[in-house]
Every structure is written in C-alpha cells, then in structure tokens.
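S.K.: Structure incoming, see below.
The values are calculated or read from the model by the stated rules, or taken from the named source; none is laboratory data. The shown structure was predicted, so the numbers you read here are calculated from the model rather than taken from an experiment. Note that each Cβ is placed from the backbone with ideal geometry, even for glycine, and that neighbours are counted across all protein chains shown. Note: areas computed on protein heavy atoms with side chains; ligands, DNA, RNA excluded. Shrake-Rupley method; radii C 1.70, N 1.55, O 1.52, S 1.80 Å.
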Amino acid sequence: QVQLVESGGGLVQPGGSLRLSCAASGSVFSIMGWYRQAPGKQRELVATISSDGSANYADSVKGRFTISRDNARNTANLQMNSLKPEDTAVYYCNFWEARSPFRNYWGQGTQVTVSS
C-alpha cells in the first residue's frame, strides 16, 4: 500500500526559510510534485520534478523555492527561501507511480504560515 508522509511545515517570519519533505513507500515514482492551497483559494501547483531531475516551478516561486528528490529513498524535498506572507498555505506532495497501475497519490498536507 502506497503512503506519502510529509514533514517540515511550521511558522516562519517573512524572509525566512523552511524545508518540506515527503517520503513515500510501497512503489516507485516518476513525477513528484508539491502543491499548495491557501484559505478560500484553489489548490495550485508549486513545483514538480521528474525522475531525471528536470524541475518546473510556478512563476510565483521561481528563484525562491527549489525542489529536489532522492530516488533511492523515494523522497521529494522543497526548500523554500525568502518566504512571503502570500506563501502561507497547506502544502501537499503529489506523486505519480512509475509502473502499472500508474496511480496518483497525495500527502496529508502540512501547514506553512509566514507571518511576523
């Protein structure tokens, strides 16, 4: 059974940094990504990384956030620097299986709050 477990959220002041991690078990994964959902808003893509390490970012986080992965440990990380109040949201990891049945999985979500 596939399970994604997130860690690393919390409260940080504007300009600060946080590192999120998502560890998976039970399969192997191709695309790993991070999404976020702020109160009253739709869930939005933050960043994705493919199995070859190619990364894509939302324009709002380019230059501030870095996504990485450890294939041996089935882990994806999101390093968030220069955080802004508008980055406040629940962050979810999302993984696609690399083998049949190619299912998509979500983490449970972790709260990130940027406030002074």
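S.K.: In region 88-107, what count of residues is obtained for those that are in contact (Cβ under 8 Å) with a residue 40 or more places away in the chain and either closer than 13 Å to Met32 by Cα or open to solvent by 80 Å² or more (accessible area, probe 1.4 Å) (or both)?
M.R.: Count: 12.
S.K.: Based on what the data block shows, is Pro39 surrounded by fewer than 16 Cβ atoms within 10 Å (Cβ to Cβ) and at pLDDT 95 or above?
M.R.: No; evaluated as a whole, the condition is false for this residue.
S.K.: Within region 67-87, is there a residue that is open to solvent by 50 Å² or more (accessible area, probe 1.4 Å), in a strand (DSSP E or B) and either within 26 Å of Gln1 (Cβ to Cβ) or acidic (Asp, Glu) (or both)?
M.R.: Yes, because at least one residue in region 67-87 is open to solvent by 50 Å² or more (accessible area, probe 1.4 Å), in a strand (DSSP E or B) and either within 26 Å of Gln1 (Cβ to Cβ) or acidic (Asp, Glu) (or both).
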